[in-house]
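The values are calculated or read from the model by the stated rules, or taken from the named source; none is laboratory data. Worth saying up front: this structure is predicted, and the values here are computed from it rather than measured. Here the Cβ positions follow ideal geometry from the backbone for every residue, glycine too, while neighbour counts run over all protein chains shown. Accessible surface areas use protein heavy atoms only, side chains included; no ligands, DNA or RNA. Shrake-Rupley method; radii C 1.70, N 1.55, O 1.52, S 1.80 Å.
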Amino acid sequence: MASLGVALVTGAGQGIGRAIALRLAADGYDLALADLASHSSQLDTLKAQITGLGRRATTISTDVQSESAVVAMINQTVQDLGTLDVMVANAGICKTMSLLDTNLSDWEDLFAVNARGTFLCYKYAAKQMVLQGRGGRIIGASSVVGKQGSAMLPAYSASKFAVRGLTQSAAAELARYGITVNAYAPGAMDTDMLTSIHQALGDVNAYTQRAIDNAPLGRLGTGEDVASLVSFLASKDSSYITGQSISVNGGRFFD
Ligand code: NAD
């Protein structure tokens, strides 16, 4: 199959990002796989899986908090794969703690990755796409708690509201270049991040069951549930959709 273009996924080493990378490769994209240096072996494994699907792939060690690292990530993508057509700013971190226990450093850590990191990925991906002159797709990671706040996640929730505001503003500005900008807003998805939230709350089994009970569809979500939405948002079929943060939450919260 001819390539549909090049997609760059941050936080591709595990969880939702890994599922998105595999789905976009199956759809026909070549993949730039980015994550922290600590995840390089996971990226190597994923690269082998993607090249096994007949697609090109490159791995990039990055830290999305750093402007110079994000610029280098975009440059390496173009150098190794020739272009950038789909940017998936997926990388994120979570800290589970009450408002009363949240220190300024916790707030700043969360905003440095979830808000600043997403901003940098949007900005430098958009610059590359504008330079190429044939549009593109930018997709970010918000959350159900980017739509409705939650106890024990005040700074994380605020950082995911920031992703929605950024997504709407970028969509308004970049439409004239043929670039759409959307986000996914997952509920409780079965990844390491969710396990760490439930561990911090105290009882993994009890909180996992509560998350299942809170979703009318009666299960946790998976990375593949998010990946199928990203597949659509990356495709030509989504060309009249921009500025949206689309829920993938099993019915836990209705917009
Ligand atoms: P995860 O913790 O399993 O994976 C996150 C990945 O991001 C890891 O590979 C990690 O190394 C990478 N990462 C973290 N900081 C980084 C940085 N500074 N630079 C580059 N990479 C970095 O998380 P996940 O569950 O797969 O979540 C993916 C995204 O979806 C996150 O933005 C998260 O906030 C969001 N989300 C997850 C859930 C959920 O229930 N799992 C729900 C809503 C939103």
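What number of residues in region 7-42 are among the aliphatic types (A, V, I, L, M) and either free of Cβ contacts under 8 Å to residues at least 24 places away in the same chain or surrounded by fewer than 24 Cβ atoms within 10 Å (Cβ to Cβ) (or both)? Final tally of qualifying residues: 5. Filtered by the rule that a residue be surrounded by fewer than 21 Cβ atoms within 10 Å (Cβ to Cβ), touching a residue at least 40 places away in the same chain (Cβ under 8 Å) and among the small types (Gly, Ala, Ser), region 78-114 gives Gly82, Ser98, Ala112. It is to be established whether one or more residues within region 7-27 are over 26 Å from Gly221 (Cα atoms) and of a type outside the set (Lys, Arg). The answer is no; no qualifying residue exists. Filtered by the rule that a residue be polar (S, T, N, Q) and either within 10 Å of the ligand (Cβ to nearest atom) or buried (at least 17 other Cβ atoms within 10 Å of the Cβ) (or both), region 46-71 gives Thr58, Thr59, Ser61, Thr62, Gln65, Ser66. Which of the residues spanning region 23-45 are within 13 Å of the ligand (Cβ to nearest atom) and farther than 15 Å from Thr62 by Cα? Answer for region 23-45, where residues must be within 13 Å of the ligand (Cβ to nearest atom) and farther than 15 Å from Thr62 by Cα: just Thr45.
Residues in region 141-159 that are without any contact (Cβ under 8 Å) to a residue 60 or more places away in the chain and within 13 Å of Pro186 (Cα to Cα) were compared, and the one that is farthest from the ligand (Cβ to nearest atom) is Ser157. No other residue among Ile212, Ile179 is of a type in the set (A, V, I, L, M, F, W, C), over 21 Å from Gly92 (Cβ atoms) and touching a Leu at 6+ places or on another chain (Cβ under 7 Å) apart from Ile212.
For region 128-148, the candidate set comprises residues that are in a helix (DSSP H, G or I) and touching a helix residue (DSSP H, G or I) at 6+ places or on another chain (Cβ under 8 Å); within that set, the residue that is nearest to Tyr177 (Cα to Cα) is Val130.
So if I check each of Gly165, Gly136, which one is free of Cβ contacts under 8 Å to residues at least 40 places away in the same chain and either basic (Lys, Arg) or away from the ligand (no atom under 11 Å from the Cβ) (or both)? From the options Gly165, Gly136, the qualifying one is Gly165.
Quick check on Gly178: is it at positive phi, assigned by TED's automatic domain parsing to the domain that holds Arg134 and either within 11 Å of the ligand (Cβ to nearest atom) or surrounded by fewer than 19 Cβ atoms within 10 Å (Cβ to Cβ) (or both)? Yes: the conditions hold for Gly178.
Among residues of region 183-234 being hydroxyl-bearing (Ser, Thr, Tyr), within 23 Å of Asn114 (Cα to Cα) and more than 10 Å from the ligand (Cβ to nearest atom), the one that is most open to solvent (accessible area, probe 1.4 Å) is Ser228.
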